[in-house]
Amino acid sequence: MTHSHQRWSRRTFLTAAAAGPFVAAGIRAQRIEPELALTQYHNQAADGSLHRRLVEMWTAVRTESGGRVQTRVLPENNKHPGSDPAVLQMLVSGEIQFFTLMGGILGNIVPAMNVQQVPFAFRTAAAAHRAMDGALGAYLRQEMAARGIVGFPVGAFDNGIRQIGGRTRPVRTPADLAGLRMRVPDGRMFDDMFRALGAEPVTVNSSGIYAALESGTVDAQENPLAYMRSFRHYEVMQYISLTNHMWSGFNLIANQAAWRRLPQDIQALIERHAARAVRLQREDQERANAEARTDLAARGLAFNEVDEAPFRAKLAGVYASWKEMLGTTCWSLLEAEVGRLA
């Protein structure tokens, strides 16, 4: 750094002081700390709540840090052709610093994260939030840390309770799933669940769901209602079955090495604004899923309610195998929140 860069002019100082102490402190911080350029990916649309709240979060971090932290927020994974699994590898390698990802895909690296996708475990999104903010969430953060990934104390953005949407027939009982080609994301829990229920899981990245339904590559998909509406899946579906079979969220995660390089005051600032963004986005998503049901019905999609009991009964073997895979500690923490499953 040159001598001229180190020294403030009297005019610079007086201008900053006149604008207020926070601005003056911000300028001083920029002189002391280098700019931290970060990148945040997520897989949702730019007009969705997750994007809006992430932008607000990082804008607040930038403002309160006096410009020391500047973060690009890139929706729809910046159109990466490899979708979520490829972007997860980018995070692990340190190519990007922040990502939001559902537990079933993160479970490919951190197996315990699959607990978020245990079928028919969380009856409501609010129940899942309590678990993720509590003892189960703390355990999951430990498991992520052991694999070089940082989670956040309040870091589970909401996607919602997942339903089945299809183009060929409604799903009212497990028998209706027999032979149905069901689009699933990359994740073992989805495969195990739908195979046990008689369907044929077909892995398709989130960006390819519309085309897969339109072409007939798959007969049905499963997602929260707001997601189906946001990506216009109603154009290639006729039926929606309210199975409430699974909760999913978007876990805010960071590359561990990149996180550790951040000053502690910046870490605390990010955690505080992340918690605020998560709580606001959860409220947004609850409204969005409720509004989506009304909108999708108005577009002519046929809705039907589902009795969960017959589906749950066919999953006894899945529960037993996943209890063994997740381990006693993880499963006990889950059942402490939702009651006995298997």
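For L280 and A336 in one chain, what is 0.36 nm times their gap in residues minus the Cα-Cα distance, to one decimal in nm?
Working: separation 56, 0.36 × 56 = 20.16 nm, distance 2.63 nm.
So the chain would gain 17.5 nm between L280 and A336.
Counting only DSSP beta bridges with both residues in the chain, what percent are antiparallel, rounded to the nearest 5? Bridges in the chain that DSSP calls antiparallel: roughly 55 percent. With contacts taken as Cα pairs under 8 Å at a separation of at least 6 residues, the stretch 33-338 carries a relative contact order of 25 percent.
In plain terms, the C-alpha convex hull of the stretch 223-299 casts an average shadow of 6.7 nm² when viewed from every direction.
Using only the Cα atoms of the stretch 273-342, build the gyration tensor, take square roots of its eigenvalues as a ≥ b ≥ c, and label the shape rounded, prolate or oblate: rounded if a/c is under 1.5, else prolate if a/b is larger than b/c, else oblate. Here the stretch 273-342 falls in the oblate category.
What share of Cα pairs, in percent, lie more than 33 angstrom apart in the chain?
Numbers: 18313 of 58311 pairs.
In whole percent, the long-distance tail amounts to 31.
What number does the stretch 91-242 give for Rg over Rh if you use C-alpha atoms and the Kirkwood radius? Show your work: numbers first, answer last.
On the way: Rg = 16.2 Å, Rh = 16.4 Å.
Ratio value, two decimals: 0.98.
The Cα-based radius of gyration and maximum Cα-Cα distance (Dmax) for the stretch 49-96 are 12.6, 35 Å. In terms of surrounding Cβ atoms within a 10 Å radius of their Cβ, W322, W247 rank from fewest to most as W322, W247. Each of S206, S93, S230 has some number of other Cβ atoms within 10 Å of its Cβ, and from fewest to most they run S93, S230, S206. Between the stretch 79-131 and the stretch 213-229, the C-alpha centres lie 20 angstrom from each other. Axis angle, to the nearest 10 degrees, between helix 264-298 and the longest C-alpha principal axis of the chain: 40 degrees.
Rounded to a whole number, what is D in µm²/s for the stretch 209-342 from Stokes-Einstein with the Kirkwood radius over alpha-carbon pairs (10 °C, 1.306 mPa s)? Spell out each step's value before the answer.
Numbers: Rh = 18.6 Å.
For these conditions, the coefficient is 86 µm²/s.
Extension gain, R188-Q89: 0.36 nm per intervening residue step, less the Cα-Cα distance, totals 33.9 nm. From the largest down, the stretch 83-137 spans 36, 19, 17 angstrom on the principal axes of its Cα atoms.
Read-outs: derived from the displayed coordinates by stated rules, not from any lab. None of these values were measured; they are calculated from a predicted model. Here Cβ is always computed from backbone atoms with ideal geometry, including for glycine, and neighbour counts include all displayed protein chains.
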